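Notes follow the structure.
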Amino acid sequence: MWQQVHDSLSQSAHRVLFKLASFLPGLVALLVAVLVLALIGAAVAALLRRILTSAKFDERMARNSPDAISDWSPSGSPTLLVARVAFWVCVALGFIIGISAFDASSNGSQISTFLLPYLTHSIGAIVLLIIGNLVARFLERSVLIGAVNARLQYARFLSLGIKWLVLVLTAAMILDHLEIGGAIVELAFGILFGGIVLTLALAVGLGSRDIVSRSLEKNVERTESAPDADSPAQPETLRHF
Amino acid sequence: MASTSTNIDASTQPAPAVETGRLLVSLPLLANGELHATLANLAAAFPERTILVATPSSLEGSASPAPDTLHLLAYTPTAASAISWILTAADYVNAFRLAEENQATACLLLGAESQSIAPEALRALAESVLHADADLAIAHYDTGLRELLVNSGILYPVSRALFAARPRFPLAIDLALSLRMAGKLAATAQKFISLNQNDALIWPVAEAASVNYTIAEIEIGPRTMPQPAASDLNSLLAQIAGSLFAEVDAKAAFWQRARGTQPARLFPLSALPAEAADITPMLDAFRLAYTNLHGIWSLVLPPNSLLGLKRLSIMPAESFHMPDNLWARIVYDFILAYRLRTINRGHLLGALTPLYLAWVASHLVLVRSGTAPEKHIQDLAAAFETDKPYLVSRWRWPDRFNP
C-alpha cells in the first residue's frame, strides 16, 4: 500500500514538475515578448515624437482644432498623446503575442482562448476608466464654473453631484464590460444612480429650498433692478464692452 | 530699445486741400436711415475729394440720392460674419479686396452706429493715413466713466505693456489703414477665414506693432458704441480675452523683445458720476467664486496672488481695493495658463470672470473715493508695464518657482 502511495505521489510530483517545466518557457516567452515590444514601442514613440515635433504638429493642431485634442492630451501636447498611444499599443501587442507563445509552448492548454478575450476586455476597461475620469473632471469643472458665474449658491454641490454620477456610470460600465457581477451590477447601478439623482432632486428641492429661493430672489432682484434705458432716474449702467 | 511704433496725433493737423490718394470707406450693414446719415457725414467730411463708399446695404428704394462726391459701391461680402458690433476677420478681408479692386491707396473701416461720428473725426482719421504717413490710424473714443471696462481693465494695459503701443482702444471699431496695413490685416484674417472662423477677432495694434508700422491715434470725440446682441458677460469676456491671449501667444517672439514704457498720457479730468454704482452684486460674485473656484485658481495663480485674493475676499465693500500689481499678475498668469493649457481654455476664461468683476468693483470704489478714472487706468497700465519682466521670465521658464 505504501508503495502505491509513494508511486502516486512521485507520479504526481513528476507531472507537476513536468507541467512547470513546460510552463516556464512559455512564461519566459511572454516576458520576452512584452519586453521586446515595449522597447520597440519606446523606439516608435521616440521616433514619432521627433517627427511630429519637427513637423510642428502641436502648433498645427492648436491652430486647426482650437481645444478638442490638446485639452485631453498629457501636458496639453497632442504629440505626447500620439507617442504614448503608440507605446501602449505596442505593449498590448506584446501581451497578445506573449500569451499566444505561452499557449503554444504549453502543449495544447487553452490558456490563450481564456486569457486573450479577457486581456482585450481589460484594455477596454482601462480605456473606459481613463475616459470616464476625464469626462467626470471636465464636467465637474464646467458645471462648477458655469454655476458660479450664474451665481448659484449650491454650485459646489451641483458639480460634485455631476462628477459622482459620471463616476458611478463609468464604474458600472467597466464592471459590465469585464462581465463581473452580472445582473447585480445592473441592479446596484440602477439603485445607486437613481439614488444620487433622487438625492440631488430632494436636496435642491427641499433641503436647499432656502438657498435656492434666496438665489432665485437675488436673480429676480437683479432682473428687476436692471436699469431701464429710457428712465433718466436710473444711475448710469456698467457697460463692459 | 525696440520701440515698435511712432504714435502721432493727427487730429490737430490742418486738412490739406489737395487730393493725393484714393480713399475707400468700408461701411458695415446699416439701416436705411443710418446709411444716409453716415453718407451725409462723409460728404461733409470730404467736400473736395471723391471717395469710394463700399456698403453691403441695399441702396434700392433709397429716397434721397447719395452726394456727388461719394461713389457708392454696393457689394456682396465674400466672407460674412454674424457679429456686427465689432470688426471681425471677414470685415478686414472684404475691405482689402474692395480696396485692391478699386485701386484705393487707403481704407477707412467704420463700425456699426458710424452715423454718430462727427465729419471732422472722419476726416482726421482718413487724413492721418493719406497725408501723415501713418499706416494705422485708430480711434480714441470719449467714453463714459463706466463704459468699455473690459478695454480699460484688460485690453489696453496688456496691449500697451506687451506691444509697447499707445492706443487706448486697441480693439477700436473705426480705423484708417494704408493699403499695406490693410493687406497685412487681410492676410492675417484670411488664415481664420480659411478655417471657417469668419467671426475671429483681429488685433490691428499688435499686427502693426509687430512689423514696425506707424500707428496714429485720433481723438474722435463721443460716439455711440454698438452693443453685442447677447448680453452674457461670461461668453463675451471669454471670446475677447481668449482672442487677446491667443494673439499674445502668437506674437511671443515680438513682445519679448519689445521694451520701453509709454510716456504718461494727458487725460481729461472727467467729472465724477452723479450716483455711485452698486458694486454689491460684483462683490457677491467674487466671494462666491472665492469659496468655490479656489481649487481651480490655485492651478493657475501663484501663492502670492492667492493670498492677495484671500485678503480681498474678506475686505468690506466700502474699502474694497484690488492693488494694480495684483491684477496685472492675475492677468499675466492667466495668459501663461492659456499658453500652457494648464486647464481647459474654456474653463480658464470662465474662471477669469469673477476676478474681472472684482477688479471692476475695485475700480468703481476708487472712482467713488475721488480718483479720476483715467488716472487709475493709466496707473494700471503702468503696473502692467512694470510687471512685464515677470511675464517674460515665466513665459521662458514656466517651471521655475512661482512667487
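The values are calculated or read from the model by the stated rules, or taken from the named source; none is laboratory data. On a predicted model such as this, the values are computed, not experimentally measured, just so you know. Please note: Cβ atoms are built from the backbone with ideal geometry, for glycine as well, and neighbour counts cover all protein chains shown.
Can you report the number of residues in segment A:145-186 which are assigned to a helix (DSSP H, G or I), under 25 Å from A:LEU202 (Cα atoms) and at pLDDT 85 or above?
Residues flagged as assigned to a helix (DSSP H, G or I), under 25 Å from A:LEU202 (Cα atoms) and at pLDDT 85 or above within segment A:145-186 amount to 23.
A quick yes/no check of all residues on (1) touching a strand residue (DSSP E or B) at 6+ places or on another chain (Cβ under 8 Å); (2) aromatic (Phe, Trp, Tyr); (3) surrounded by 22 or more Cβ atoms within 10 Å (Cβ to Cβ):
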{"position": "B:ALA139", "(1), (2), (3)": "yes, no, yes"}
{"position": "B:GLY144", "(1), (2), (3)": "no, no, no"}
{"position": "B:LEU149", "(1), (2), (3)": "no, no, yes"}
{"position": "B:ALA164", "(1), (2), (3)": "no, no, yes"}
{"position": "B:LEU179", "(1), (2), (3)": "yes, no, no"}
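If you scan segment B:312-351, which residues turn out to be under 17 Å from B:ARG394 (Cβ atoms) and either modelled with pLDDT under 90 or within 12 Å of another protein chain (Cβ to nearest Cβ) (or both)? Before the answer, list the steps.
Taking segment B:312-351 and keeping what is under 17 Å from B:ARG394 (Cβ atoms), we get B:325-343, B:348.
Hits for segment B:312-351 are B:ALA337, B:TYR338, B:ARG339, B:LEU340, B:ARG341, B:THR342, B:ILE343, B:LEU348.
Count, please, the residues in segment B:103-117 that happen to be within 19 Å of B:ALA31 (Cβ to Cβ) and of a type in the set (Gly, Ala, Ser).
Of the residues in that region, 4 qualify.
Looking at B:ILE335, B:ILE343, which is the one that is of a type in the set (A, V, I, L, M), touching an Asp or Glu at 6+ places or on another chain (Cβ under 9 Å), outside the structural domain of B:LEU148 (by TED's automatic domain parsing) and outside any helix (DSSP H, G or I)?
The unique qualifying residue is B:ILE343.
For B:SER128, which of the numbered conditions (1) under 18 Å from B:TRP359 (Cβ atoms); (2) part of a helix (DSSP H, G or I) fails to hold?
The one condition B:SER128 does not meet is (1).
So which residues in segment B:140-164 are farther than 16 Å from B:GLU207 by Cα and either among the hydrophobic types (A, V, I, L, M, F, W, C) or touching a helix residue (DSSP H, G or I) at 6+ places or on another chain (Cβ under 6 Å) (or both), if there are any at all?
B:LEU145, B:LEU148, B:LEU149, B:VAL150, B:SER152, B:GLY153, B:ILE154, B:PRO157
Give the residue that is surrounded by the most Cβ atoms within 10 Å (Cβ to Cβ), with candidates limited to residues of segment B:81-125 that are charged (D, E, K, R) and in a helix (DSSP H, G or I).
As a first pass, look at segment B:81-125 and keep what is charged (D, E, K, R): B:91, B:97, B:100-101, B:113, B:120, B:123.
Keeping just the survivors that are in a helix (DSSP H, G or I) gives B:91, B:97, B:100-101, B:120, B:123.
Working: B:ASP91: 27, B:ARG97: 17, B:GLU100: 15, B:GLU101: 13, B:GLU120: 16, B:ARG123: 23.
So, considering only residues that are charged (D, E, K, R) and in a helix (DSSP H, G or I), the one surrounded by the most Cβ atoms within 10 Å (Cβ to Cβ) is B:ASP91.
For segment B:348-392, what are the residues that are among the hydroxyl-bearing types (Ser, Thr, Tyr) and either within 27 Å of A:ALA155 (Cα to Cα) or part of a helix (DSSP H, G or I) (or both)? Walk me through how you get there before you give the answer.
Just the residues of segment B:348-392 that are among the hydroxyl-bearing types (Ser, Thr, Tyr), to begin with: B:353, B:356, B:362, B:369, B:371, B:386, B:390.
Answer for segment B:348-392, where residues must be among the hydroxyl-bearing types (Ser, Thr, Tyr) and either within 27 Å of A:ALA155 (Cα to Cα) or part of a helix (DSSP H, G or I) (or both): B:THR353, B:TYR356, B:SER362, B:THR386, B:TYR390.
Under the condition of being buried (at least 20 other Cβ atoms within 10 Å of the Cβ) and of a type outside the set (Val, Ile, Thr), which residue from segment B:293-308 is nearest to A:VAL148 (Cα to Cα)? Give the derivation first.
At the first step, the residues of segment B:293-308 found to be buried (at least 20 other Cβ atoms within 10 Å of the Cβ) are B:293, B:296-297, B:300-301, B:305.
Keeping just the survivors that are of a type outside the set (Val, Ile, Thr) gives B:293, B:297, B:301, B:305.
Values: B:LEU293: 8, B:TRP297: 13, B:LEU301: 18, B:SER305: 20 Å.
Restricting to residues being buried (at least 20 other Cβ atoms within 10 Å of the Cβ) and of a type outside the set (Val, Ile, Thr), the top hit is B:LEU293.
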